[in-house]
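Notes to accompany the following structure.
The values are calculated or read from the model by the stated rules, or taken from the named source; none is laboratory data. Bear in mind the structure is a predicted one, so any value in this text is a computation, not a measurement. Glycine gets a Cβ as well: all are built from the backbone with ideal geometry, and neighbour counts include every protein chain shown. The protein model used for the area step is the full one, side chains on, heavy atoms only, and it has no ligands, DNA or RNA in it. Shrake-Rupley method; radii C 1.70, N 1.55, O 1.52, S 1.80 Å.
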Amino acid sequence: MAADLTTLLERLLAADVEFVLVGGLAAVVQGAPLKTFDVDVVHRRTEENADRLLAFLTNIGARYRNRPGPQLPPNRRALLGPGHSLFMTDLGPLDALGAIEGGADYDQLLPESLPVPIGGRTVHVLSLAKIVALKRGSSDPKDKLRLLVLEAVLQRQDPGA
């Protein structure tokens, strides 16, 4: 895991934001030999948690990325919705997702996650089996390529999968 991504994840945990780690970094944490360049999280969309996330994002200089025009700061209303908020921060890219494939949100993903210790705290990481299941339904060519690697890692870890 890249140093800045680790720092970003540790600081997000320290801010008491409730989230499930998803995406490439979740797979890497579970032993997948992938490169990833951002932190993808599905955060709990309560007002209190959105406020903690917004304060955290403000503290690390977050601004929406891949948008033309002036750099926009995080938006509370967007964080409370099911969409994707893609940020560049002083610590690197962070994608705050209200929901992922099939509308799966924090409450649906939490039971499918594994507790993993990071920096003296526990992060909920979406299970590799669930990541594979989600990628199987994707039409994204990048996901199709990663799926081969993820399935091999899952097979090695759980031959019955």
Would you be able to say whether some residue in segment 47-66 is within 14 Å of the chain's Cα centre (by Cα), part of a loop (DSSP other than H, G, I, E, B) and not polar (S, T, N, Q)?
-> no
Return the total of residues in segment 1-50 being more than 18 Å from Leu114 (Cα to Cα), small (Gly, Ala, Ser) and crowded, with 16+ Cβ neighbours inside 10 Å.
-> 1
How do the pairs read when you match residues in segment 49-63 that are farther than 11 Å from Leu91 by Cβ and at pLDDT 95 or above with residues anywhere that are open to solvent by less than 40 Å² (accessible area, probe 1.4 Å) and assigned to a helix (DSSP H, G or I), using Cβ under 7 Å and keeping only pairs 6 or more apart or on different chains?
-> Ala50/Leu79; Leu53/Leu79; Leu54/Leu79
For segment 97-117, enumerate the residues that are buried (at least 16 other Cβ atoms within 10 Å of the Cβ) and not in a loop (DSSP other than H, G, I, E, B).
-> Leu97, Ile100, Ala104, Tyr106, Leu109, Glu112, Ser113, Leu114
Is it the case that segment 19-34 has a residue that's farther than 18 Å from Ser127 by Cα and within 13 Å of the chain's Cα centre (by Cα)?
-> no
Selection over segment 77-86 where residues are under 20 Å from Leu8 (Cα atoms) and either open to solvent by 30 Å² or more (accessible area, probe 1.4 Å) or touching a Lys or Arg at 6+ places or on another chain (Cβ under 9 Å) (or both) yields a count of 3
Tell me, please, whether a residue that is part of a loop (DSSP other than H, G, I, E, B), without any contact (Cβ under 8 Å) to a residue 60 or more places away in the chain and over 20 Å from Ile131 (Cβ atoms) can be found in segment 27-44.
-> no
The lone condition Leu94 fails out of (1) assigned to a strand (DSSP E or B); (2) free of Cβ contacts under 8 Å to residues at least 60 places away in the same chain; (3) in contact with a helix residue (DSSP H, G or I) (Cβ under 7 Å, 6 or more places away or on another chain) is (2)
Inside segment 86-98, the number of residues satisfying the requirement of being at pLDDT 95 or above and small (Gly, Ala, Ser) is 2
Are any residues in segment 136-151 open to solvent by less than 40 Å² (accessible area, probe 1.4 Å), in a helix (DSSP H, G or I) and not hydrophobic (A, V, I, L, M, F, W, C), and if so, which ones?
-> Asp143
Condition test on Asn66, is it touching a strand residue (DSSP E or B) at 6+ places or on another chain (Cβ under 7 Å) and open to solvent by 20 Å² or more (accessible area, probe 1.4 Å)?
-> yes
Look through Phe87, Phe56, Phe37 and report the one residue that is of a type in the set (Phe, Trp, Tyr) and closer than 27 Å to Leu154 by Cβ.
-> Phe37
Pro73 fails exactly one of (1) within 21 Å of Thr122 (Cβ to Cβ); (2) more than 14 Å from the chain's Cα centre (by Cα), namely (1)
